[in-house]
Each structure stands twice: as structure tokens, then as C-alpha cells.
Amino acid sequence: MTSFLSFAELCQRIEGISGSIEKTALLATFLFELDEAELAVVPSFVMGSAFPASSEMLLGVGPSTLYEALSKATGATSKEINDILRRTGDVGAVASEVVGKRKPSTLSSFIEAEKLSILDVYSRFLELARASGKRSQNVKMKHLRYLFGESGALEARYIARLALEDMRIGVGEGIVRDAIAKAFDRSSEEVERGYNFTNDLGLVAQKAKEGRLSDLTIEIGRPIKVMLAQLGSGIPGSMEEMGTAAVEWKFDGSRVQIHKNGDEIEIFSRRLEKVTRSLPEIVRFVNEHVRAESAILDGEAVARGEDGRPLPFQEILKRFRRKYKVEMAAEKIPLELWLFDLVYLDGQILIDEPLRERRRRLEEVADPKILAAQTVTSDPEKVAEVYGEAIAAGHEGVMLKSPQSPYAPGKRGKNWLKIKPVMETLDLVVIGARWGEGRRATFLGSYRLASPDPDTGKLEDVGWVATGVTDEMLIELTDLFRDLVLVSGEGMEVEVKPKVIFEVAFEEIQKSTNYSSGYALRFPRLVRVRDDKAVEEADSLERVTFLYATQRGRNGPSSV
């Protein structure tokens, strides 16, 4: 049984290096030595999550709960904890310092601390996630106190970070995927395909060790990663590149992946979260208008106002978040369903079939009432006509899809191109905030933005945004980030858990020594909160660099 201390030592070594190749090698060596049960856990742990992406389990531990548990386990005062937080900005450093100062009561307790295993920590995290009801906070406190009571300083550093899902060692899906491939002598493509089918790198690691990656396949009820689109270079350039394209509206809605098994329907969001109970009309549409025994469908949920135009994205997300009084919400914000792809039908996996064949099969089983219109053409003028219709109807633009393209889960490439109005935007991670002044003194009014470096996995800041935040949004965003604040206190900058994505528009990107990325956004403006995107889907520093290099051409007339 592998000790949690050995895992913590691995994390410490990884944290101390910047190169992804070295990180991959260290992790691969560690994975190779694990047993089957540990392999199921460590890939998620090292990325800063207690459970795999496919799991619906949530720890539900906030900073205040964690700090209280540390205080009770070590005797540290709230002032001591807050002082360390302000000095370091790192909950891991806080845990390490206060646990390190604690004197073990007996020699046996010291020995026990060394024996805390990876699976011990995982089992306690399971208990945290299962805690519910009036006594749930007491249960969570009990298990957190146990973990900190049984850990040494180094273990406590990474237990605390794991509990808040903020590992800070620069390891993401790519490094874990490559480490699994290296550890068990499999190809990265095999590992990635298995992950795209299961969203569980622990399961993938187990199968890789057994030499049974080919066993991993698409299953009804288990969401797969959705195929993504790359931003096109305007209609003329994109059509020249693609030749013939299947043209569809790019809806101003929210992506849904629908799994049908007889009369049983499950709906998953773009982030692969189960949202079935929140969207009863989508369930009804599928039961009434899809003639298939079993299917996995890809589409968009769109909300339309009384004027017939799409409602803002944030209104749709209110439906996705709703857990109570769902029918009342459905009356207030009714949704439409538009299907545009089919990846599984009656026992047959279709992802390797070309789009034109998947579309033909989709048209056979889905009524036109819920089918997204599609025009296949090689004429840029026809594309421009469809684009104009989409914009006039209040949607985002058009999608250009290669009729020959397979469905590539989790991939963003040139087989799908999105054409939108010229204004560029970036999806960036919020890593900090600043309390306002005057009448806004009790609100978090400006937000520090960062982009992940694909080489190191670290979040590098690119500036702050405050423009575009309305008074109504001030209240919502302050409530949202209040539970994510790691270092609290009005009249100061605060660090927040990197969990929220902002879509931000800007005039241009400038070189800057003020931010760790080396870049700064000029005149940034908040467009919307991307609740449908995970941190891993934020635009990378590589994309920021690309936009900086190409922006002189981008700022010309129109991409259309």
C-alpha cells in the first residue's frame, strides 16, 4: 500500500520543475509502481481533484471549513492562519506550516502519521462527499480533522490543496495522459481515445496497465467529450481551406449531449455534468421526436424571449443550474432543442463515420422540428448568406464543417470552423479579485485574469477586467467568488480558487512586464461568465501569443 507521504513527495518534486517532459517522466515512474486501486485514484489527485471527471461526487469543502479544521487539528488560531494566508496566498503553505509547528502527542501518533496511505485519504474524501443533511458540516469537520491530525507537514500541504481542488503543481490532462502512456508502453493516442470515451484517467490507467485499452468504448449513460471548433479566418479564407462545407448556424445557446436508452433520457452539459432534472422539456422533445431505441445525440439548447430572439447565455445557464421549482423555471425560460450530430445509434458507434453519413442517420431518426438546418455548399456567397441570416436572428454566426470529418471527441481542429463577428475574445481563468471603492466597497468589482501555459500547466496572469460588470452582476459575482476566496479582507486584492472562466473582449494584446504571461490585454471588457466551460478549456498562453502575433491583420475590416 503506497503512503500518501510518497505521493506528497512526488508532488513536491513536480512542483519544483517547469518542464512537462520531466514532469511526465516523474509521474510515469510513480504510476508504474501503483496497484490497481491506487491507479484509479492518483491520476485525479495529481490534477487537483478528489474524483475523476466522470464522477458526480463533490467534496463540498470551502476555505472557511478547511481553515476551521486546521485550527481544531493543530491548535492554530484564526489570526495565525490568516497571517500565513496573507503572507503566502497558499492554503497548502498554511497547512504545512501549522501542522509542522504542532507537537505530536506521542511517538505512536507520529508513526501513524507516516502510515497515512493514498487510499486512506481517498476513503476520507468519499465520506466528505457523501455527507449530507443538517449534520453534514460536522461530518466534514470530523474527517478533515482526522486527515490533518494524522499527517505531517508535507502531506498536509497537498491534502489541503486537494480539498480545495487547487493543486498548483502544473499537471493537467496532457501530462497525465502522456505519463500513463509512458508508464505502460502505450501510445498517447490510445490513452487519449480511452479518456475521451470515459472521462476517467484512473480507469484508463488501469486498462493501460492490463493491456486492455481497447476495452474502453462508448456507453449509453456515460458522457463523452464533445467535438470542438476552431476559429476560422473569415468566410473566404475558411472556404478556400475547406473546399466544400456543411454550414449550420452557430446558436447562441448551450451545448447538450443527450443519451437515450429506450424511454430513459439523460442530458449532459458541455462540461459533462448531468442536467436531466433541470431540463424536462428537452427530455420531452427527445421522447416525442427521436425514433431510436438507443442513441447519443449532440445539440444545442436555446432560450427564446417574447420577441422571438435568443435570450442571453446567462439566462440559459439559470435553467441548467436550477434544481428546485424546475417547472416554474421552464415556464419563465422555455428552451428549444436543435440537434446537429449523432455519435451512437442502436448499438453502433458512429464517431469514425464521416459527418455526411452521421447527418443522414440523424435525419432518419429525428424529426425536422428539432433538427438544425444544414446547407452543404462550396460557394462563399452562400455561406455569407447563411451567416447573415444567423446574425439577423440573434445568433453568434455559422459553423463550417467538413462533410468528410469523423467525430473527434475532445478535439478542436480545422474540420469544424466557427465564423463569428470580428471582435476577438478570450476565455480566461479568474485567479484573483479586488474589492471596490465608494458605493462598491462591499463588492468584488475587478477581476484578475490568467491563461494556462501549456508547457508548465501554470496559470499566468494577463491583466484585470472591470468594464462590462453591471450592478446586477456585481452582486452575483461577489456571491459567486465569496466562497472561492482564499485570502479574505475588504480593501485589498484577494486570491480565489481558479474555478471560473470569463469570456473577455479586448482591443488588442500588448507586451508587458507587469504580468507573468509577458502580455496584457488593452481595454478588456467582460462579455459573459462561461459556466459551461472547465478551467482546462480556457484559452492557453499559446493562443494569446498567436493572437498577439496576428492581431495587426485581425484588426482589419471584416472577417466575413
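Numbers at a glance
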| quantity | calculated |
| --- | --- |
| Boolean, residue 290 is touching a strand residue (DSSP E or B) at 6+ places or on another chain (Cβ under 8 Å), buried (at least 18 other Cβ atoms within 10 Å of the Cβ) and touching a residue at least 24 places away in the same chain (Cβ under 8 Å) | yes |
| Residue within the stretch 461-477 that is under 30 Å from residue 17 (Cα atoms), out of contact with any Leu (no Cβ under 9 Å at 6 or more places or on another chain) and at pLDDT 85 or above present | no |
| Scan of the stretch 149-197 for residues that are under 30 Å from residue 68 (Cα atoms), small (Gly, Ala, Ser) and touching a residue at least 60 places away in the same chain (Cβ under 8 Å), ordered by number | 149, 151, 152, 156, 160, 163, 170, 172 |
| Members of the stretch 201-232 found to be within 22 Å of residue 47 (Cβ to Cβ) and assigned to a strand (DSSP E or B), listed by number | 228 |
| Residues of the stretch 294-332 that turn out to be under 25 Å from the mean Cα position of the chain (by Cα) and part of a loop (DSSP other than H, G, I, E, B), as a count | 5 |
| So residue 450, is it farther than 18 Å from residue 397 by Cα, within 20 Å of the chain's Cα centre (by Cα) and of a type outside the set (Val, Ile, Thr) | yes |
| Some residue of the stretch 493-501 being over 25 Å from residue 67 (Cα atoms) and not in a loop (DSSP other than H, G, I, E, B) | yes |
| Residues of the stretch 1-34 that turn out to be farther than 20 Å from residue 155 by Cβ and in a loop (DSSP other than H, G, I, E, B), as a count | 3 |
| Members of the stretch 105-131 found to be among the hydroxyl-bearing types (Ser, Thr, Tyr), at pLDDT below 95 and in a helix (DSSP H, G or I), listed by number | 108, 109 |
| Residues within the stretch 148-171 that are under 11 Å from residue 24 (Cβ atoms) and either surrounded by fewer than 20 Cβ atoms within 10 Å (Cβ to Cβ) or touching a Phe, Trp or Tyr at 6+ places or on another chain (Cβ under 6 Å) (or both), tallied | 0 |
| Meets criteria (under 28 Å from the mean Cα position of the chain (by Cα), of a type in the set (Phe, Trp, Tyr) and under 25 Å from residue 472 (Cβ atoms)) for residue 340 | no |
| Residues (crowded, with 17+ Cβ neighbours inside 10 Å and without any contact (Cβ under 8 Å) to a residue 60 or more places away in the chain) located in the stretch 340-377 | 342, 345, 350, 353, 358, 361, 371 |
| Qualifying residue in the stretch 37-50 (condition: assigned to a helix (DSSP H, G or I), without any contact (Cβ under 8 Å) to a residue 60 or more places away in the chain, outside the structural domain of residue 499 (by TED's automatic domain parsing) and more than 22 Å from residue 225 (Cα to Cα)) | no |
| Filter pass, residue 350 being under 17 Å from residue 285 (Cα atoms), at pLDDT 95 or above and in the same structural domain as residue 257 (by TED's automatic domain parsing) | no |
| Residues of the stretch 60-75 satisfying the condition of being buried (at least 21 other Cβ atoms within 10 Å of the Cβ) and out of contact with any Gly (no Cβ under 9 Å at 6 or more places or on another chain) | 61, 63, 66, 67, 69, 70 |
| Filter result (part of a loop (DSSP other than H, G, I, E, B), in contact with a Gly (Cβ under 6 Å, 6 or more places away or on another chain) and within 20 Å of residue 540 (Cα to Cα)) within the stretch 421-459 | 456, 457, 458 |
| Any hit, the stretch 385-402, residues being surrounded by 16 or more Cβ atoms within 10 Å (Cβ to Cβ), assigned to a loop (DSSP other than H, G, I, E, B), of a type in the set (Ser, Thr, Tyr) and free of Cβ contacts under 8 Å to residues at least 60 places away in the same chain | no |
| Filter result for residue 295 (surrounded by 19 or more Cβ atoms within 10 Å (Cβ to Cβ) and among the small types (Gly, Ala, Ser)) | yes |
| Matching option when the condition is surrounded by fewer than 17 Cβ atoms within 10 Å (Cβ to Cβ), of a type in the set (D, E, K, R) and modelled with pLDDT of 90 or more, among 542, 490 | 542 |
| Of the criteria (1) part of a strand (DSSP E or B); (2) out of contact with any strand residue (DSSP E or B) (no Cβ under 7 Å at 6 or more places or on another chain), which one residue 409 fails | (1) |
| Top-ranked residue in the stretch 428-481 [being touching a residue at least 12 places away in the same chain (Cβ under 8 Å) and basic (Lys, Arg); ranked as nearest to residue 530 (Cα to Cα)] | 448 |
| Exclusive hit being on the phi < 0 side of the Ramachandran plot and touching a helix residue (DSSP H, G or I) at 6+ places or on another chain (Cβ under 6 Å), set 521, 444 | 444 |
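The values are calculated or read from the model by the stated rules, or taken from the named source; none is laboratory data. As the structure is a computational prediction, the values presented were derived from the model and not from experiment. Note that we place each Cβ from the backbone using ideal geometry, even for glycine, and neighbour counts take in every protein chain shown.
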